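To keep things clear, I will list the structure first and then write my remarks on it.
The values are calculated or read from the model by the stated rules, or taken from the named source; none is laboratory data. Predicted model only: the values in this text are computed from it and were never measured. Reconstructed Cβ throughout: ideal geometry from the backbone, glycine too, with neighbour counts over all protein chains shown. What goes into the accessible areas is simple: the full protein's heavy atoms, side chains included, and nothing from ligands, DNA or RNA. Shrake-Rupley method; radii C 1.70, N 1.55, O 1.52, S 1.80 Å.
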Amino acid sequence: TGYITYDEGFGNTGSCQSEITYIDGEVGILRYRGYPIEQLAAKSNFIDVSYLVIYGELPTPTQRKEFSQRLTKEAPIREGLVRFIQGFPRDAHPMAVLSSSLNAMGAYYPHIASNNHKRDLEHFDEAAAIALSKVRTIAAHSYRVARGLPLNYPKPTLGYSENFLHLMFSEPYNEYVPTPEVAAAINLFLLLHAEHEQNCSTSTVRMVASAGANLFASASAGVSALWGPLHGGANQAVLEMLAAIHADGDDGSKFIENAKNGKARLMGFGHRVYKNYDPRAKIIKGSFDKALDSLGITNDPFLDIARNLEAAALSDDYFISRKLYPNVDFYSGLIMNALKIPVDMFTVMFAIGRMPGWIAQWHEVAKNPKSKINRPRQIYVGPTPRDVPDAV
Ligand code: CMC
């Protein structure tokens, strides 16, 4: 069978060709379809960036209108799917609910989830709108169901982020209207998470798609991968780490020592590709003070600990020599916390943000007539041949 190259964790394997995202991890560059993330964050919004990631160009006014109309039309979910979500135990993790519901959703749209890429692609615009719009509704419904709260229905008049906040936080007696700063913070969070080339969840989406599976099955697998604490689950883990440090009466210095001698891992630090500041972390950190100001938060003990951890790590040889810098998850959890998003919803927020990337990557696989099934090899290290013993 020839010589097999072993590349643990695929650190040096290019698994596909892609036109979507460019990263230079040594310098800290991230571009979607050629546009620098800094410019998109400053001048665009999550919906236009989703369009860009999925279709390759920023939308014209007409395309923007049509895309928004499709998202609005697809915002509600079927009653059967609502009952599916209501069937989970109250303490189910919302990532489990999200992953299962996304896969189940394919059952409601057999014409776009046929597991025949050619046929599924005939309805791609509809499928993309369904995935992008309904992921947010499923997420908010799972939050409300877990707390025994009545469900809210999406409002056609609201923008994407405002609608998400309404679905989450409106009460029958009190409609939730976010301040522009809060809606902008959610929008920025989602935009910064929209796509990130062959990370663990996106590689999973492509892996599943490579066998011919439909968009919903592939995205559902992506959610499962994202849940892990080394990947999207890190934003939840960061906040839990800060809470534990705070409860311990530590200012962060004890924790840094533990991280250096292998007793703990500094969550929100380090990245497989970025050996420099994660550009997304820079942007989030930059907008952070503004968001906190608008929320009237002047004194957050977790924030003080986070700042101590960052300062200590950036001046310590252990972290410097390993090129460990803050990643996007280091500050994003603090913003979500300030916005009163519950900790177990942080990774769900990441999944909502990443949906355009998964859709675009699925599309690249599905539309390529030369796509091959992904099937890595292995290095066998098990027993040499042996005989099953006679029965005793
Ligand atoms: N705290 C302490 N030491 C660390 C950390 C950390 N966060 N990250 C890496 N190291 C050490 C690691 O122990 C190893 O040391 P040594 O060479 O002495 O054995 C060295 O740095 C290289 O680490 P690695 O584990 O081989 O690196 P990797 O590329 O396999 O892992 C990572 C990348 C992101 C999984 C890892 O840095 C990590 O676990 N970070 C914390 C979790 C986290 O924040 N994840 C979010 C990533 S960004 C968003 C996303 O993709 O979801």
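Within the bounds of region 366-381, is there any residue that is surrounded by 14 or more Cβ atoms within 10 Å (Cβ to Cβ), under 30 Å from HIS123 (Cα atoms) and not polar (S, T, N, Q)?
yes
Would you confirm whether or not region 88-95 contains a residue that is small (Gly, Ala, Ser), buried (at least 16 other Cβ atoms within 10 Å of the Cβ) and within 21 Å of HIS193 (Cα to Cα)? Break it down stepwise before answering.
Filtering region 88-95 for residues small (Gly, Ala, Ser) gives 92.
Checking which are buried (at least 16 other Cβ atoms within 10 Å of the Cβ) leaves us with 92.
Then keep just the ones that are within 21 Å of HIS193 (Cα to Cα); that gives none.
Among the residues of region 88-95, not one is small (Gly, Ala, Ser), buried (at least 16 other Cβ atoms within 10 Å of the Cβ) and within 21 Å of HIS193 (Cα to Cα), which makes the answer no.
With respect to ASP300, determine if the residue is of a type in the set (Asp, Glu) and either in contact (Cβ under 8 Å) with a residue 40 or more places away in the chain or touching a helix residue (DSSP H, G or I) at 6+ places or on another chain (Cβ under 6 Å) (or both). Please lay out each step first, then the result.
On the way: of a type in the set (Asp, Glu): yes; either in contact (Cβ under 8 Å) with a residue 40 or more places away in the chain or touching a helix residue (DSSP H, G or I) at 6+ places or on another chain (Cβ under 6 Å) (or both): no.
The answer is no for ASP300.
Would a scan of region 193-207 turn up a residue that is away from the ligand (no atom under 16 Å from the Cβ) and out of contact with any Cys (no Cβ under 9 Å at 6 or more places or on another chain)?
Quick first cut of region 193-207, residues away from the ligand (no atom under 16 Å from the Cβ) only: 207.
Applying the additional criterion that residues be out of contact with any Cys (no Cβ under 9 Å at 6 or more places or on another chain) yields 207.
Checked region 193-207: at least one residue is away from the ligand (no atom under 16 Å from the Cβ) and out of contact with any Cys (no Cβ under 9 Å at 6 or more places or on another chain).
Residue pairs, Cβ under 7 Å, 6 or more apart or interchain, first in region 348-366 and within 15 Å of the ligand (Cβ to nearest atom), second of a type in the set (Phe, Trp, Tyr) and open to solvent by less than 10 Å² (accessible area, probe 1.4 Å). List them.
MET349/PHE189; GLY353/PHE189
Failed condition for VAL82, given (1) hydrophobic (A, V, I, L, M, F, W, C); (2) over 29 Å from PRO150 (Cα atoms); (3) part of a helix (DSSP H, G or I), with all others met?
(2)
Can you confirm whether TYR153 is in contact with a His (Cβ under 6 Å, 6 or more places away or on another chain), open to solvent by 40 Å² or more (accessible area, probe 1.4 Å) and at negative phi?
Details: in contact with a His (Cβ under 6 Å, 6 or more places away or on another chain): no; open to solvent by 40 Å² or more (accessible area, probe 1.4 Å): yes; at negative phi: yes.
Judged against the criteria, TYR153 is not a match.
Out of VAL238, VAL273, which single residue is open to solvent by 50 Å² or more (accessible area, probe 1.4 Å), in contact (Cβ under 8 Å) with a residue 24 or more places away in the chain, within 10 Å of the ligand (Cβ to nearest atom) and among the hydrophobic types (A, V, I, L, M, F, W, C)? Step through it out loud before you land on a result.
On the way: VAL238 fails: open to solvent by 50 Å² or more (accessible area, probe 1.4 Å).
Going through VAL238, VAL273 in turn, the sole match is VAL273.
Go through region 304-379 and tell me which helices (runs of 4 or more DSSP H), entirely inside it, have 3 or more residues that are at pLDDT below 95. Even if it seems obvious, please write down each step before you answer.
Working: elements: 317-321, 328-338, 346-367.
Qualifying helices (runs of 4 or more DSSP H): 328-338.
Of the residues LEU230, LEU226, LEU266, which is near the ligand (Cβ under 10 Å from one of its atoms) and within 30 Å of HIS111 (Cβ to Cβ)? Explain how you work it out, then say what you get.
Details: LEU230 fails: within 30 Å of HIS111 (Cβ to Cβ); LEU266 fails: within 30 Å of HIS111 (Cβ to Cβ).
Exactly one of LEU230, LEU226, LEU266 is near the ligand (Cβ under 10 Å from one of its atoms) and within 30 Å of HIS111 (Cβ to Cβ), namely LEU226.
Could you check ARG272 against (1) within 23 Å of the chain's Cα centre (by Cα); (2) within 25 Å of ALA42 (Cβ to Cβ) and say which number it fails?
With (1) within 23 Å of the chain's Cα centre (by Cα); (2) within 25 Å of ALA42 (Cβ to Cβ) applied to ARG272, the lone miss is (2).
Looking only at region 276-296, filter to residues that are surrounded by fewer than 16 Cβ atoms within 10 Å (Cβ to Cβ) and either of a type in the set (Asp, Glu) or without any contact (Cβ under 8 Å) to a residue 60 or more places away in the chain (or both); which one of those is farthest from the ligand (Cβ to nearest atom)?
Within region 276-296, the match that is farthest from the ligand (Cβ to nearest atom) is GLY296.
Quick check on VAL205: is it within 29 Å of ALA281 (Cβ to Cβ), of a type in the set (Val, Ile, Thr), touching a helix residue (DSSP H, G or I) at 6+ places or on another chain (Cβ under 8 Å) and open to solvent by less than 30 Å² (accessible area, probe 1.4 Å)?
On the way: within 29 Å of ALA281 (Cβ to Cβ): yes; of a type in the set (Val, Ile, Thr): yes; touching a helix residue (DSSP H, G or I) at 6+ places or on another chain (Cβ under 8 Å): yes; open to solvent by less than 30 Å² (accessible area, probe 1.4 Å): yes.
The answer is yes for VAL205.
Restricting to region 250-261, count the residues that are open to solvent by 60 Å² or more (accessible area, probe 1.4 Å) and either within 13 Å of the ligand (Cβ to nearest atom) or touching a residue at least 40 places away in the same chain (Cβ under 8 Å) (or both). Spell out the reasoning first.
Going residue by residue through region 250-261, those that are open to solvent by 60 Å² or more (accessible area, probe 1.4 Å) are 251, 253-254, 257, 260-261.
So of that shortlist, the ones also either within 13 Å of the ligand (Cβ to nearest atom) or touching a residue at least 40 places away in the same chain (Cβ under 8 Å) (or both) come out as 251, 253, 257, 260-261.
Qualifying residue count, region 250-261: 5.
For region 110-136, which residues satisfy the criterion of being touching a residue at least 12 places away in the same chain (Cβ under 8 Å) and surrounded by fewer than 20 Cβ atoms within 10 Å (Cβ to Cβ)?
First pass over region 110-136, keeping only residues touching a residue at least 12 places away in the same chain (Cβ under 8 Å): 111-117, 120-121, 123-136.
Within region 110-136, HIS111, SER114, ASN115, ASN116, LEU121, HIS123, PHE124, ASP125, GLU126 meet the criteria.
From the list ALA264, ALA247, exactly one residue is free of Cβ contacts under 8 Å to residues at least 40 places away in the same chain, open to solvent by 60 Å² or more (accessible area, probe 1.4 Å) and out of contact with any Cys (no Cβ under 6 Å at 6 or more places or on another chain). Which is it? Quick ask: steps written out before the conclusion?
Working: ALA264 fails: open to solvent by 60 Å² or more (accessible area, probe 1.4 Å).
Result of the check over ALA264, ALA247: ALA247.
If I filter region 156-174 down to residues being under 28 Å from GLU66 (Cβ atoms) and part of a loop (DSSP other than H, G, I, E, B), which single residue comes out as most open to solvent (accessible area, probe 1.4 Å)? Spell out the reasoning first.
Initially, region 156-174 is screened for residues under 28 Å from GLU66 (Cβ atoms), giving 156-168, 170.
Those still in the list that are part of a loop (DSSP other than H, G, I, E, B) too: 156-159, 170.
Values: PRO156: 98, THR157: 123, LEU158: 57, GLY159: 34, SER170: 3 Å².
The qualifying residue most open to solvent (accessible area, probe 1.4 Å) is THR157.
Does any residue of region 90-102 turn out to be outside any helix (DSSP H, G or I), farther than 17 Å from VAL348 by Cβ and over 21 Å from the mean Cα position of the chain (by Cα)?
The answer is no; no qualifying residue exists.
Is there a residue in region 170-190 that is under 22 Å from ILE284 (Cβ atoms), more than 16 Å from the ligand (Cβ to nearest atom), touching a Lys or Arg at 6+ places or on another chain (Cβ under 6 Å) and not hydroxyl-bearing (Ser, Thr, Tyr)?
So far as region 170-190 goes, no, none of its residues is under 22 Å from ILE284 (Cβ atoms), more than 16 Å from the ligand (Cβ to nearest atom), touching a Lys or Arg at 6+ places or on another chain (Cβ under 6 Å) and not hydroxyl-bearing (Ser, Thr, Tyr).
Can you name every residue in region 1-59 that is open to solvent by less than 30 Å² (accessible area, probe 1.4 Å) and hydroxyl-bearing (Ser, Thr, Tyr)? Walk me through it before giving the result.
First pass over region 1-59, keeping only residues open to solvent by less than 30 Å² (accessible area, probe 1.4 Å): 20-21, 23, 25, 28, 30, 32, 37, 40-41, 44, 46-54, 56, 59.
THR21, TYR32, SER44, SER50, TYR51 - these are the residues of region 1-59 that are open to solvent by less than 30 Å² (accessible area, probe 1.4 Å) and hydroxyl-bearing (Ser, Thr, Tyr).
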